[in-house]
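Accompanying notes for the structure given below.
We did not get these values from a lab; they are worked out from the coordinates using the rules stated. If you're wondering where the values come from, they're calculated on a predicted model, not measured in any experiment. Here the Cβ positions follow ideal geometry from the backbone for every residue, glycine too, while neighbour counts run over all protein chains shown.
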């Protein structure tokens, strides 16, 4: 069952005709082959900082909707989800590194509750795996700088 606090993200994604599927809870030690693409390489916290801080993560959904997250050099992050109808949903938050875990906290999404992820490099993109197992892995393309002006 998905966390009820993911309301904003779920509403935004539903408006974009996209919804992450829920899975059974999993601990980090139990990351399975179904979650991690074959050949993917785990990204360390230091490598994540080097790749992402000061840059953007982009996800284009099958419906044509777009998610863009800009992470500044201090770990502040800004999110925009643009639906196919051109409407935007936005949030801001912070990102922190706890060893090799990347932990995110948004102002509105999930009522500010922290969520932590393992990241993997796969075919030039980053794949985020939710360490609680509540969301399916999400693939993001790296974009240099802040192309969305977030």
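Descriptive notes on the structure:
- Between residue 143 and residue 50, the distance separating the two model label sites (each 7 Å from Cα on the Cα→Cβ line) works out to 2.4 nm.
- Relative contact order (%) - criterion: Cα under 8 Å, at least six apart; region: region 34-150: 27
- Here region 26-150 has an Rg and Dmax of 13.9, 41 Å, counting Cα atoms alone.
- Available extension along the chain between residue 73 and residue 125 is 16.7 nm, counting 0.36 nm per residue and deducting the alpha carbon span.
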